[in-house]
Structures are given as C-alpha cells and as structure tokens.
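Enquirer: This is the structure I have questions about; it appears just below.
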C-alpha cells in the first residue's frame, strides 16, 4: 500500500468513528421497530476494498461462517444492533440506508442530514481511492 492510500485509510477510519454517533442517532430510533431487518449475511461480506482498508489499519478481515444462509441475519447482528465497531464493518453496512432510515433523515434537523451526507460522501470518495 502506498503512502497516499495509507493516509486515506487512516482518514476513513477517523470519519467512520466520528460519523458513527450521528448515524446511530437515526438507527436507534428506526431499527428497533423494524420487522424486516436488512442486516443480512450476504450484505456483511467483506469486499476487496474492505480488506485493503482493514489491512492498512493492521486488522485481519473477520472470517464469515460459510454455513450461514446468505439471506439470514448477519452473524455480526447482536440484540442491540451490530456488534462490530462501524470502522470494522464492511463499508456497505455504513453506506446503506433503508427507506425508513431515509425518511427519518428527511424529517429530522436539516443541518444534521447535510452533515451526515457530507461525511458519507467524503468517506465514499476515500473508500473508492483505496488500492
């Protein structure tokens, strides 16, 4: 990994940690009432860039239970949500917002929604540049 990618990975980790509290304000109000949890095993699989990012942070990619049904609940799903810190999750777990979550963003304070949108865009740009 080159220095530029390492710096991008470090900044991405920082932004994932910073944004987590903001995202969790919304998920805490929306997710407990959900009847069709979107955190499925197939969505919790790590992609190549997730591996690059985790290796840059000195972490190993968590092994997934190949026997778990892909349509079943994600193995990282605990009784109160994901048991992994946001920065260790596959990136699509942070990026995905279901319809009820988007509605909560739209009905909440516009300033918070704009801040989260800007953070997500910056994180997406950093993630896309990992090589």
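Enquirer: Pick from segment 98-131 the residues that are part of a loop (DSSP other than H, G, I, E, B) and touching a residue at least 40 places away in the same chain (Cβ under 8 Å): which of them is surrounded by the most Cβ atoms within 10 Å (Cβ to Cβ)?
Expert: The extreme case among them is 130.
Enquirer: I'm trying to understand the selection: among the residues of segment 64-97, which are assigned to a strand (DSSP E or B) and either out of contact with any helix residue (DSSP H, G or I) (no Cβ under 9 Å at 6 or more places or on another chain) or touching a residue at least 40 places away in the same chain (Cβ under 8 Å) (or both)?
Expert: 77, 78, 81, 82 - these are the residues of segment 64-97 that are assigned to a strand (DSSP E or B) and either out of contact with any helix residue (DSSP H, G or I) (no Cβ under 9 Å at 6 or more places or on another chain) or touching a residue at least 40 places away in the same chain (Cβ under 8 Å) (or both).
Enquirer: Looking only at segment 32-63, which residues are assigned to a helix (DSSP H, G or I), out of contact with any helix residue (DSSP H, G or I) (no Cβ under 8 Å at 6 or more places or on another chain) and surrounded by 13 or more Cβ atoms within 10 Å (Cβ to Cβ)?
Expert: Residues satisfying the conditions are 41, 51, 55.
Enquirer: Would you confirm, using the coordinates I've provided, whether residue 14 is under 26 Å from residue 129 (Cα atoms), part of a helix (DSSP H, G or I) and either in contact with a strand residue (DSSP E or B) (Cβ under 7 Å, 6 or more places away or on another chain) or at pLDDT 95 or above (or both)?
Expert: Yes; evaluated as a whole, the condition is true for this residue.
The values are calculated or read from the model by the stated rules, or taken from the named source; none is laboratory data. Treat the numbers as computed from the prediction; the structure is a model and nothing was measured. Cβ sites come from the backbone with ideal geometry, for glycine too, and all protein chains shown count toward neighbours.
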